[in-house]
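Below you'll find the structure, written out as structure tokens, and then a few comments.
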Amino acid sequence: MVLHDAGERPVRLRVLSASVEAAVAAVSGDVGEGWRVVALRLVGGRTVKSGGGDRWTATREFAVKLYREG
């Protein structure tokens, strides 16, 4: 996941990132066409000032284990 914000401080971006992390963590079970999420975890992320001026970028990486029922 990659999010961007243009603000003096990354306050909004941190709140939004936390909301997205919670939404992704809630994904479970059947995701269609016989595939099921069996494990999901946040493996890394960072929030950094990017580009010029007041621009921030937040990245989060997730490991997802899927199983296809068959």
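Listed by first and then second residue, the pairs with beta-carbon distance under 6 Å, at least 6 apart or on different chains, first residue in segment 1-16 and within 11 Å of LYS49 (Cα to Cα), second of a type in the set (Lys, Arg) and assigned to a helix (DSSP H, G or I), are ASP5/ARG12.
Would you tally the residues in segment 17-43 being more than 16 Å from LYS65 (Cα to Cα) and either touching a residue at least 12 places away in the same chain (Cβ under 8 Å) or of a type in the set (D, E, K, R) (or both)? The qualifying residues number 3.
Could you go through segment 16-38 and let me know if any residue there is basic (Lys, Arg), within 11 Å of the chain's Cα centre (by Cα) and surrounded by 11 or more Cβ atoms within 10 Å (Cβ to Cβ).
no
Values quoted throughout were computed directly from the atomic coordinates according to the rules given, and no laboratory measurement underlies them. All figures in this text were calculated on a predicted structure; none of them were measured in a lab. Cβ: placed from backbone, ideal geometry, glycine included. Neighbour counts: every protein chain shown.
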